[in-house]
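Enquirer: Got a structure for you, questions after.
The values are calculated or read from the model by the stated rules, or taken from the named source; none is laboratory data. Predicted model only: the values in this text are computed from it and were never measured. Because the Cβ atoms are built from the backbone with ideal geometry, glycine has one as well, and the counts that use them run over all protein chains shown.
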Amino acid sequence: MKEFAYPPGGNFAYGPLSPDLLASAVVLLECALWDRRKFARNENTHATSHASSAIVLVVTAFDIWLGELLVGLMMDEDKTRTHLDRPTLAKYRALYERYHGKQAPVASDLETVVSVRHEVVHHFTRPEASITPSWLPALQERRLLVTHPGAPEVDYSVTQKLGSYALAYWVFDALERTAKGLIEGAANPLAQLRSTDLHNFALYRQICSPKDLPRFDALHRS
């Protein structure tokens, strides 16, 4: 820890990892888009084998980015270690208070994003279809989950529902909004030094959004 945060001679021997992970996550999101040509789909989303991996990687990248920001605060070793060991939401709140000088606003989307990531990483098959996460209905209401294109009354399992392009795209969008809210408008100059990081969180915008999927279909008819 000491060598990582405060290297001998002041020469940092590492570079940030989050930009590479964010770039890789965007590649997975693009793969998820092209799955539209071979999996069940409707006008809002489609099933994809790449959504879950894209979600896991982009949320992991966000958590690592928060760690990079915490190290940049140059706190003492013990305090830095304590913050780095905390969950994603705790890291975000600590940084927001440090950057903005006030308590962080309610981050319900970030809470949901982290919960979805945990659902994938700590996956298990539920014994009954009726046992679902508390956050699932809200995502269903937003039309972010996979539904049967020809028979909406036919329901899928939780695992199948999370393999949704619209859900993956929304996760990227939620993390970009959270990152911007953390950095923009902050009084602490340390936050402004990281404003260029926001470009990395916006890379996903080059990929077709769910609302533009009908146009994608028209351009790529098989």
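Enquirer: Considering A191, A186, A168, A174, which residue is outside any helix (DSSP H, G or I), crowded, with 16+ Cβ neighbours inside 10 Å and of a type in the set (G, A, S)?
Expert: A186
Enquirer: Go through V114, V146 for me and flag whichever is assigned to a helix (DSSP H, G or I) and either more than 20 Å from W170 (Cβ to Cβ) or touching a residue at least 24 places away in the same chain (Cβ under 8 Å) (or both).
Expert: V114 is the lone residue from the list that is assigned to a helix (DSSP H, G or I) and either more than 20 Å from W170 (Cβ to Cβ) or touching a residue at least 24 places away in the same chain (Cβ under 8 Å) (or both).
Enquirer: Would you say F216 is surrounded by 14 or more Cβ atoms within 10 Å (Cβ to Cβ) and either within 16 Å of the chain's Cα centre (by Cα) or acidic (D, E) (or both)?
Expert: So F216 does not fit the description; no.
Enquirer: If I ask for residues that are closer than 25 Å to A187 by Cβ and among the charged types (D, E, K, R), which ones from the range 67-118 would you list? Steps first, answer last, please.
Expert: Filtering the range 67-118 down to residues closer than 25 Å to A187 by Cβ leaves 67-76, 79-80, 82-84, 86, 88-110.
The answer is E68, D76, K79, R86, K91, R93, E97, R98, K102, D109.
Enquirer: OK, next. Filter the range 149-169 for residues that are more than 11 Å from H50 (Cα to Cα), among the hydrophobic types (A, V, I, L, M, F, W, C) and at pLDDT below 95; which is nearest to the chain's Cα centre (by Cα)?
Expert: V158
Enquirer: Ok, one more. For the structure I just gave you, tell me whether H46 is in contact with a helix residue (DSSP H, G or I) (Cβ under 6 Å, 6 or more places away or on another chain), within 16 Å of A166 (Cβ to Cβ), at pLDDT below 95 and crowded, with 19+ Cβ neighbours inside 10 Å.
Expert: Yes, satisfied.
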